[in-house]
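Here the structure is laid out as structure tokens; the discussion comes afterwards.
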Amino acid sequence: INLGKIFFQRNAILDETARWKFPIPYILTDSLDLNAKGVILQAMEMYRLKSCVDFKPYEGENTYISFTKLDGCWSFVGDLHEGQNVSIGERCDTKAIVEHELLHALGFYHEQSRTDRDDYVKIWWDQIIEGKEHNFVKYADDFITDLNTPYDYESIMHYRPLSFNKNSTVPTITTTIPAFNDVIGQRLDFSAIDLQRLNRMYNCTSTHTLLDQCAFELINICGMIQNEEDDADWVQTLSSAGEDDHTLGGRCQDAGYFMQFNTSRLVVGSSALLESRILYPKRSRQCLQFFYKFTGAPGDQLVIWTKTDDGTGNVRKMKKVHTIKGDGDESWKITHVALNVREKFRYIFQGIVGSAQLAGSIFIDDISLMETACPSTTWMIHNFTHLLLTSPVGHSVVSERFYSPEGYGYGVRLYPNGRDSLSEGYLGLYFHLCSGENDGVLEWPSADRQATITAMDQDPDVRLRMSSSRSFTTNTDSQWDRPMKEGTWDESCQCYRGQDFGWSTFISHKQLQRRSFLKNDDLIIFVDFEDLTHLVMSEVPIIPKPTSAIKQPVLESGEHHGSSVEIPKHRRVRSAPGDPCWPNPCLNGGICVPRHGSASCRCPSSQTTFYTGEKCETRRLHGGIEGALMGGAVGVLVLTVVLIAAARTSR
């Protein structure tokens with residue numbers, strides 16, 4: 001029996017009516033863990049960066065996605081046109097899992113459901129948990145389409161070898177080419193073919209938040225121009241021995257370009273300007289990410305400028321944004337510069353000669369300009385392979401103290417070869433608070449903050465990066481109280497470091513080597529510590545719609561660490577069990593607040609009107625406004641009588 005024909009009655013890939021119109025309305029129900037709410041928003045930003053898919057908060061639309069915490073991780077497939085759940089249950093709160101479930105909602109089945117899957121994988125039916133066989137069904141080519149793409153072992157939609165298995169060590173799915181057994185089931189990010197399919201299906205020609213990027217491999221250098229009034233030029237330069245580009249690291253002959261400003265033998269103060277093409281932002285914040293390198297004596301400078309509309313339509317208003325000074329370190333480094341521009345603009349790289357020298361240069365490569373927030377912290381570890389080879393299991397390296405935008409001090413602890421024997425072969429990463437100069441004015445414990453650690457995949461195309469990212473959210477436990485009270489003194493930072501919290505198996509060594517995590521032998525880690533208090537109460541009430549015939553849902557149940565995933569029986573939005581405010585009993589925009597187990601309505605008011613009654617059902621004028629209106633009416637009546645009498649007298 002083809003169970004797919006029983007559970008799934010239409011297919012969003014072939015049925016265009018099941019495809020979404022953008023932006024997709026969404027609700028973050030309060031049944032979700034706070035950390036899940038944060039990673040859902042992270043996943044949405046990845047869709048905006050890498051595709052034309054977009055989302056918006058729900059405002060009464062007929063169709064929407066309601067993120068809720070039910071049993072496991074699962075989603076319906078395609079747009080049901082009546083509102084539908086996406087479950088982000090226990091241990092599902094990672095960016096990659098949310099991306100996976102949203103791909104289901106957008107119309108995609110699992111990779112191993114392809115018609116031709118038996119050419120690439122083998123399903124071990126006798127090892128599958130009884131009742132879970134439907135998760136491994138194969139669909140005919142008149143039911144689904146592969147959008148003319150090859151089988152993708154690296155797809156974020158592929159099951160892991162041990163999914164839904166009876167025996168914890170025996171796989172349910174293996175690959176025809178054995179080397180891919182370690183690849184299938186990755187939960188880093190979209191693969192290149194995942195994005196190819198998504199963008200084909202929705203006819204995406206551009207993304208929402210990627211404004212510009214350039215690796216300088218083409219002769220047109222991405223439309224950048226030289227300033228005609230400076231002292232020298234930036235030159236597109238081919239990698240050579242001792243001067244490798246960042247994109248390819250000198251690994252390819254006759255390939256690998258970068259931009260170079262040669263500061264040798266130039267007068268101090270001489271400069272060269274390289275300007276981007278004119279860009280048109282959609283948001284009011286941008287993050288310019290690029291790699292740079294100084295050679296020669298310290299003192300040279302790399303200055304970032306913006307040139308914006310001066311109010312007449314001409315892009316000529318200059319603003320200095322950021323300055324980087326050479327320090328004698330001749331390795332490639334990464335930096336992020338927040339631009340925050342609202343109108344059309346150019347960004348500019350200015351190289352400045354800081355000291356007289358016989359040999360020296362400034363280099364830039366692999367530029368990305370995104371309309372997103374910049375990472376709060378970047379920790380770059382050079383010569384990482386040496387660290388892997390020389391660090392025993394349990395040995396750790398600790399970062400310097402960083403500060404969040406709110407002012408909290410924090411640090412990161414890294415275990416190159418795992419924290420213990422159980423995590424050998426993995427990189428361990430842990431977050432902790434540090435005492436700092438702002439502790440006296442900050443809120444303690446630092447609850448409802450989300451810590452996110454990302455190991456960067458250094459692919460030059462930001463859309464193809466498959467970085468590893470994990471998040472957790474703090475609470476009121478003493479672990480998140482002032483580090484001076486709970487921590488241990490560390491001489492290296494002259495601060496107290498709090499207790500570590502993180503992951504012993506953050507990313508495997510095989511994954512580090514497979515992609516570009518260690519380009520130029522550098523490991524790059526981003527860290528953010530953000531306040532999510534505004535998401536604690538995020539759920540909004542559903543506006544009731546006329547009842548209609550119940551449709552058989554299109555559902556694709558997701559995997560959850562090999563455990564069972566139940567198919568839900570209802571599609572309605574759910575809230576916490578026993579919530580007296582679900583559904584909202586208050587009328588006319590009233591806010592429902594649980595009080596002693598019962599619903600209590602908080603009625604809205606304006607300067608002229610307010611609502612009363614148990615359910616905010618009665619609309620009234622404010623007394624002062626009512627008196628003013630009555631007095632005004634009487635005044636108008638008296639004035640009218642006087643004018644009529646005067647008119648008659650004049651006759």
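Among the criteria (1) closer than 28 Å to residue 516 by Cα; (2) without any contact (Cβ under 8 Å) to a residue 40 or more places away in the chain, the one residue 259 does not fulfil is (2). Of the set (1) within 30 Å of residue 103 (Cα to Cα); (2) in contact with a Phe, Trp or Tyr (Cβ under 7 Å, 6 or more places away or on another chain), all apply to residue 226 but (1).
Conditions tested, residue by residue: (1) under 18 Å from the mean Cα position of the chain (by Cα); (2) in contact (Cβ under 8 Å) with a residue 60 or more places away in the chain.
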{"position": "88", "(1), (2)": "yes, no"}
{"position": "103", "(1), (2)": "yes, yes"}
{"position": "114", "(1), (2)": "no, no"}
{"position": "132", "(1), (2)": "no, yes"}
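Collect the residues in the range 275-291 that are surrounded by fewer than 21 Cβ atoms within 10 Å (Cβ to Cβ) and either of a type outside the set (S, T, N, Q) or in a loop (DSSP other than H, G, I, E, B) (or both), keeping them in residue-number order. Before you say what the answer is, go through the steps one by one.
Going through the range 275-291, the residues surrounded by fewer than 21 Cβ atoms within 10 Å (Cβ to Cβ) turn out to be 275, 277-285, 287, 289.
Scanning the range 275-291 gives 275, 277, 278, 279, 280, 281, 282, 283, 284, 285, 287.
Does residue 246 fit the bill of being outside the structural domain of residue 52 (by TED's automatic domain parsing), part of a loop (DSSP other than H, G, I, E, B) and within 26 Å of residue 95 (Cβ to Cβ)? When the stated conditions are applied, residue 246 passes them.
Determine which member of the set 433, 422 is farther than 15 Å from residue 499 by Cα and not in a loop (DSSP other than H, G, I, E, B).
Numbers: 433 fails: farther than 15 Å from residue 499 by Cα.
Only one candidate qualifies: 422.
May I ask you to list the residues in the range 466-481 that are among the charged types (D, E, K, R) and surrounded by fewer than 19 Cβ atoms within 10 Å (Cβ to Cβ)? Matches in the range 466-481: 477, 481.
Identify, please: which residue in the range 211-229 is in contact with a strand residue (DSSP E or B) (Cβ under 6 Å, 6 or more places away or on another chain) and of a type in the set (A, V, I, L, M) and is, among those, farthest from residue 24 (Cα to Cα)?
If we filter the range 211-229 for residues that are in contact with a strand residue (DSSP E or B) (Cβ under 6 Å, 6 or more places away or on another chain), which is where we start, we get 211-217, 221-222, 224-225, 227.
Then drop every residue that is not of a type in the set (A, V, I, L, M), which leaves 211, 215, 221, 224-225.
Numbers: 211: 22, 215: 33, 221: 36, 224: 35, 225: 39 Å.
By that ranking, first place goes to 225.
Would you check if residue 440 is without any contact (Cβ under 8 Å) to a residue 40 or more places away in the chain and either assigned by TED's automatic domain parsing to the domain that holds residue 336 or not β-branched (Val, Ile, Thr) (or both)? Yes. Of all residues in the range 366-406, exactly one satisfies the criterion of being free of Cβ contacts under 8 Å to residues at least 40 places away in the same chain, surrounded by 15 or more Cβ atoms within 10 Å (Cβ to Cβ) and assigned to a strand (DSSP E or B), namely 403. Within the range 348-359, can one find any residue that is within 30 Å of the chain's Cα centre (by Cα) and either part of a strand (DSSP E or B) or under 30 Å from residue 513 (Cα atoms) (or both)? Within the range 348-359, one or more residues are within 30 Å of the chain's Cα centre (by Cα) and either part of a strand (DSSP E or B) or under 30 Å from residue 513 (Cα atoms) (or both).
Taking the range 160-183, which residues are farther than 23 Å from residue 516 by Cα and in a loop (DSSP other than H, G, I, E, B)? Steps first, please.
If we filter the range 160-183 for residues that are farther than 23 Å from residue 516 by Cα, which is where we start, we get 161-176.
Those that are farther than 23 Å from residue 516 by Cα and in a loop (DSSP other than H, G, I, E, B): 161, 162, 163, 164, 166, 167, 168, 169, 170, 171, 172, 176.
If the condition is being touching a His at 6+ places or on another chain (Cβ under 9 Å) and of a type in the set (A, V, I, L, M), then the range 423-482 contributes only 427.
Restrict the check to the range 34-55 and report whether at least one residue is under 23 Å from residue 164 (Cβ atoms) and either touching a strand residue (DSSP E or B) at 6+ places or on another chain (Cβ under 6 Å) or crowded, with 23+ Cβ neighbours inside 10 Å (or both). Steps first, answer last, please.
So in the range 34-55, the residues under 23 Å from residue 164 (Cβ atoms) come out as 36.
Checking the rest, the ones that are also either touching a strand residue (DSSP E or B) at 6+ places or on another chain (Cβ under 6 Å) or crowded, with 23+ Cβ neighbours inside 10 Å (or both) come to 36.
Yes; the residues of the range 34-55 include at least one that is under 23 Å from residue 164 (Cβ atoms) and either touching a strand residue (DSSP E or B) at 6+ places or on another chain (Cβ under 6 Å) or crowded, with 23+ Cβ neighbours inside 10 Å (or both).
Look at the range 162-175: where a residue is within 25 Å of residue 152 (Cβ to Cβ) and a partner is part of a loop (DSSP other than H, G, I, E, B) and acidic (Asp, Glu), sitting 6+ places away or on another chain with Cβ atoms under 6 Å, you get 163/559.
On the given criteria, is residue 163 among the hydroxyl-bearing types (Ser, Thr, Tyr), over 29 Å from residue 130 (Cα atoms) and not assigned by TED's automatic domain parsing to the domain that holds residue 509? Step through it out loud before you land on a result.
Details: among the hydroxyl-bearing types (Ser, Thr, Tyr): yes; over 29 Å from residue 130 (Cα atoms): no; not assigned by TED's automatic domain parsing to the domain that holds residue 509: yes.
Considered against the rule, which asks whether it is among the hydroxyl-bearing types (Ser, Thr, Tyr), over 29 Å from residue 130 (Cα atoms) and not assigned by TED's automatic domain parsing to the domain that holds residue 509, residue 163 comes out as no.
One residue alone among 507, 525, 543 is aliphatic (A, V, I, L, M), closer than 15 Å to residue 82 by Cβ and at pLDDT 50 or above, and that residue is 543.
Residues that are in contact with an Asp or Glu (Cβ under 9 Å, 6 or more places away or on another chain), hydroxyl-bearing (Ser, Thr, Tyr) and closer than 19 Å to residue 215 by Cα within the range 240-292 comprise 247, 257, 276, 292, listed in sequence order. Of everything in the range 216-250, what is among the polar types (S, T, N, Q), over 25 Å from residue 346 (Cα atoms) and under 34 Å from the mean Cα position of the chain (by Cα)? Give them in sequence order. 239, the sole residue that qualifies. Checking each residue in the range 184-206 for being assigned to a loop (DSSP other than H, G, I, E, B), of a type in the set (Val, Ile, Thr) and surrounded by 19 or more Cβ atoms within 10 Å (Cβ to Cβ) picks out only 184. What are the pairs, 6+ residues apart or on separate chains, where a residue within the range 316-340 that is at positive phi has its Cβ under 8 Å from a residue that is of a type in the set (Gly, Ala, Ser) and surrounded by 16 or more Cβ atoms within 10 Å (Cβ to Cβ)? Hits for this filter: 328/297.
Every residue, every condition in (1) free of Cβ contacts under 8 Å to residues at least 60 places away in the same chain; (2) in a strand (DSSP E or B); (3) of a type outside the set (Val, Ile, Thr), yes or no:
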residue	(1), (2), (3)
411	no, yes, yes
428	no, yes, yes
444	yes, no, yes
447	yes, no, yes
451	no, yes, yes
460	no, no, yes
469	no, yes, yes
511	no, no, yes
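Applying the condition of being among the aromatic types (Phe, Trp, Tyr) and assigned to a strand (DSSP E or B) to the range 471-509 and asking which residue is farthest from residue 450 (Cα to Cα) yields 489. I'd like to check something: does the range 112-122 contain any residue that is farther than 27 Å from residue 162 by Cβ and surrounded by fewer than 20 Cβ atoms within 10 Å (Cβ to Cβ)? Taking every residue of the range 112-122 in turn, none turns out to be farther than 27 Å from residue 162 by Cβ and surrounded by fewer than 20 Cβ atoms within 10 Å (Cβ to Cβ). Taking the conditions exactly as written (outside any loop (DSSP other than H, G, I, E, B), within 26 Å of the chain's Cα centre (by Cα), buried (at least 19 other Cβ atoms within 10 Å of the Cβ) and not aliphatic (A, V, I, L, M)), does residue 258 satisfy them or not? So residue 258 fails the test. Checked across the range 294-301, the condition of being outside any loop (DSSP other than H, G, I, E, B), out of contact with any Gly (no Cβ under 7 Å at 6 or more places or on another chain) and modelled with pLDDT of 95 or more holds for no residue.
Inside the range 324-337, can you point out the residues that are loosely packed, with under 15 Cβ neighbours inside 10 Å and either assigned to a strand (DSSP E or B) or within 21 Å of the chain's Cα centre (by Cα) (or both)? Passing the criteria: only 325.
Search the range 133-190 for residues being touching a strand residue (DSSP E or B) at 6+ places or on another chain (Cβ under 9 Å) and of a type in the set (A, V, I, L, M, F, W, C), and hand back the single one that is farthest from residue 116 (Cα to Cα). Restricting to residues being touching a strand residue (DSSP E or B) at 6+ places or on another chain (Cβ under 9 Å) and of a type in the set (A, V, I, L, M, F, W, C), the top hit is 188.
The values are calculated or read from the model by the stated rules, or taken from the named source; none is laboratory data. Here the structure is a predicted model, which means the values were calculated and not measured. When we count neighbours, we look across all protein chains shown, and the Cβ atoms used for this are built from the backbone with ideal geometry, even at glycine.
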